[in-house]
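**Student:** Here's a structure for you.
The values are calculated or read from the model by the stated rules, or taken from the named source; none is laboratory data. If you're wondering where the values come from, they're calculated on a predicted model, not measured in any experiment. Cβ coordinates were reconstructed from backbone atoms using ideal geometry, including for glycine residues, and neighbour counts include every protein chain displayed. Accessible surface is based on the protein model in full, side chains and every heavy atom, while ligands, DNA and RNA are left aside. Shrake-Rupley method; radii C 1.70, N 1.55, O 1.52, S 1.80 Å.
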Amino acid sequence: IRQIRRFAPRVVLVYDADAGGTTGVDRALELFLREDLDLAIASLPDGLDPFDLFVQQGAEPFRQAMNSAKDVLDFKLDQLLTRDGEQGFVADRRAVEAVLAMLALSPDAASTDTKLRRELIVTRIARRFGLNESTLQERLAELRRMRPVDYRTDDADKPSKSSDEVAVAQHSEGNAKADAVERELVECLLAEPELTASAKMQLPLEEIEHQGLRRIVHEMYDLMGDGLVPELDTLRLRLMDKPKLADFALRALEVGLKHPDRSAWLVQIVAAFRDRRTSRDKRNIRSQLQAAGDPAAAMELLKKLQATK
């Protein structure tokens with residue numbers, strides 16, 4: 001985005017008209033809110049992608065779509081208000097909360113332009129919904145204070161936090177540090193959602209100890225059970241109550257995409273889970289063996305220990 005900003009003051013993202021396309025707006029909105037660059041969304045008619053539109057109808061419909069592109073914030077608010085077909089106070093409140101939660105993710109050490117942009121967005125929300133601007137500012141400040149760790153940075157030269165640290169930052173998901181194999185499972189599945197079915201058959205949710213990572217895997221398993229592709233865009237809709245966890249999922253996807261052979265990676269991950277399970281079983285048996293007072297029981301435990309592989 002910083003590179004684009006050198007050449008253009010405004011960006012129009014083009015999505016087709018289906019729900020799968022428009023859910024990608026969430027990621028774009030979070031990223032562009034941090035930078036001083038206007039963003040608009042153009043939706044193409046009849047669910048066509050740009051190529052199909054050009055081939056079937058020529059350039060003019062595309063020009064019309066570009067000229068009628070909607071500001072990203074208005075687009076997102078409309079999307080939230082019409083997603084479930086709800087109307088009235090509850091729907092309005094949910095939409096406002098969702099956008100404020102995204103605004104809260106912007107860094108504390110933001111530039112003056114970014115801070116001004118954030119204030120203007122709050123003003124627009126207040127006008128659209130007839131709300132008190134100071135009340136919205138107070139709620140935004142509250143959401144920002146709820147962040148236990150401000151792991152975002154605008155300085156590209158500063159080292160970014162590891163995936164482990166980001167996972168720990170999910171204060172509502174527990175403070176335990178994520179096991180590397182659990183983190184890798186999430187990274188692998190987000191980068192290759194088609195592997196989720198295989199993972200579900202081999203790795204039940206009970207195998208995942210970190211609460212935040214278990215939530216992500218649970219939602220992916222659930223999406224697959226509902227006949228949906230458990231990719232990031234659909235997953236993020238299930239994580240709207242946990243914006244920091246959704247942001248971690250985006251970072252995990254970026255890591256996973258760097259792995260060249262994700263099918264082989266999943267095989268290694270499953271093997272690592274199996275080894276972890278075996279080690280844990282052996283420790284439990286050894287503990288029971290030390291506490292066993294009956295020689296016969298001790299012998300059975302010893303046989304069980306030898307058979308555990």
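**Student:** In the stretch 100-117, is there at least one residue being modelled with pLDDT of 85 or more and under 28 Å from residue 216 (Cβ atoms)?
**Tutor:** No, the stretch 100-117 contains no residue that is modelled with pLDDT of 85 or more and under 28 Å from residue 216 (Cβ atoms).
**Student:** If you scan the stretch 210-262, which residues turn out to be among the hydroxyl-bearing types (Ser, Thr, Tyr) and at pLDDT below 95? Please lay out each step first, then the result.
**Tutor:** Filtering the stretch 210-262 down to residues among the hydroxyl-bearing types (Ser, Thr, Tyr) leaves 221, 234.
Matches in the stretch 210-262: 234 only.
**Student:** Quick check on the stretch 229-240. Is at least one of its residues touching a Phe, Trp or Tyr at 6+ places or on another chain (Cβ under 8 Å) and open to solvent by less than 70 Å² (accessible area, probe 1.4 Å)?
**Tutor:** First pass over the stretch 229-240, keeping only residues touching a Phe, Trp or Tyr at 6+ places or on another chain (Cβ under 8 Å): 230.
Then drop every residue that is not open to solvent by less than 70 Å² (accessible area, probe 1.4 Å), which leaves 230.
Within the stretch 229-240 (the criterion being touching a Phe, Trp or Tyr at 6+ places or on another chain (Cβ under 8 Å) and open to solvent by less than 70 Å² (accessible area, probe 1.4 Å)), the answer is yes, since at least one residue qualifies.
**Student:** Could you please tell me which pairs satisfy a Cβ distance under 6 Å, a separation of 6+ or placement on different chains, a first residue in the stretch 23-34 that is over 15 Å from residue 248 (Cα atoms), and a second residue that is at pLDDT below 70 and open to solvent by less than 20 Å² (accessible area, probe 1.4 Å)?
**Tutor:** Pairs that qualify, where the first residue is over 15 Å from residue 248 (Cα atoms) and the partner is at pLDDT below 70 and open to solvent by less than 20 Å² (accessible area, probe 1.4 Å), are 33/106; 34/106.
**Student:** Given the criteria open to solvent by less than 70 Å² (accessible area, probe 1.4 Å), within 24 Å of residue 103 (Cβ to Cβ) and touching a helix residue (DSSP H, G or I) at 6+ places or on another chain (Cβ under 8 Å), does residue 253 qualify? Before you say what the answer is, go through the steps one by one.
**Tutor:** On the way: open to solvent by less than 70 Å² (accessible area, probe 1.4 Å): yes; within 24 Å of residue 103 (Cβ to Cβ): yes; touching a helix residue (DSSP H, G or I) at 6+ places or on another chain (Cβ under 8 Å): yes.
Answer is yes for this residue.
**Student:** Would you confirm whether any residue within the stretch 39-55 is of a type in the set (Asp, Glu), closer than 22 Å to residue 118 by Cβ and at pLDDT below 75?
**Tutor:** Going residue by residue through the stretch 39-55, those that are of a type in the set (Asp, Glu) are 46, 49, 52.
Subsequent filtering for residues that are closer than 22 Å to residue 118 by Cβ retains none.
Within the stretch 39-55 (the criterion being of a type in the set (Asp, Glu), closer than 22 Å to residue 118 by Cβ and at pLDDT below 75), the answer is no, since none of the residues qualifies.
**Student:** Right, here's the next one. So which residues in the stretch 182-201 are surrounded by fewer than 18 Cβ atoms within 10 Å (Cβ to Cβ) and touching a residue at least 40 places away in the same chain (Cβ under 8 Å), if there are any at all?
**Tutor:** Selection gives 198 alone.
**Student:** In addition: For the stretch 32-51, give me the residue count where each residue is outside any loop (DSSP other than H, G, I, E, B) and either farther than 30 Å from residue 104 by Cβ or among the hydrophobic types (A, V, I, L, M, F, W, C) (or both). Don't jump to the end; show me each part of the working.
**Tutor:** Kept after step one, since they are outside any loop (DSSP other than H, G, I, E, B), are these residues of the stretch 32-51: 32-33, 38-43, 45-47, 50-51.
Narrowing further to those that are either farther than 30 Å from residue 104 by Cβ or among the hydrophobic types (A, V, I, L, M, F, W, C) (or both): 32-33, 39-42, 45-47, 50-51.
So the answer is 11.
**Student:** What's the total number of residues in the stretch 57-80 that are farther than 12 Å from residue 43 by Cβ, of a type in the set (A, V, I, L, M) and open to solvent by 30 Å² or more (accessible area, probe 1.4 Å)?
**Tutor:** So the answer is 1.
**Student:** While we're on this one: Answer yes if at least one residue in the stretch 202-220 is farther than 13 Å from residue 249 by Cβ, in contact with a helix residue (DSSP H, G or I) (Cβ under 6 Å, 6 or more places away or on another chain), open to solvent by 20 Å² or more (accessible area, probe 1.4 Å) and touching a residue at least 60 places away in the same chain (Cβ under 8 Å), and no otherwise.
**Tutor:** Yes, because at least one residue in the stretch 202-220 is farther than 13 Å from residue 249 by Cβ, in contact with a helix residue (DSSP H, G or I) (Cβ under 6 Å, 6 or more places away or on another chain), open to solvent by 20 Å² or more (accessible area, probe 1.4 Å) and touching a residue at least 60 places away in the same chain (Cβ under 8 Å).
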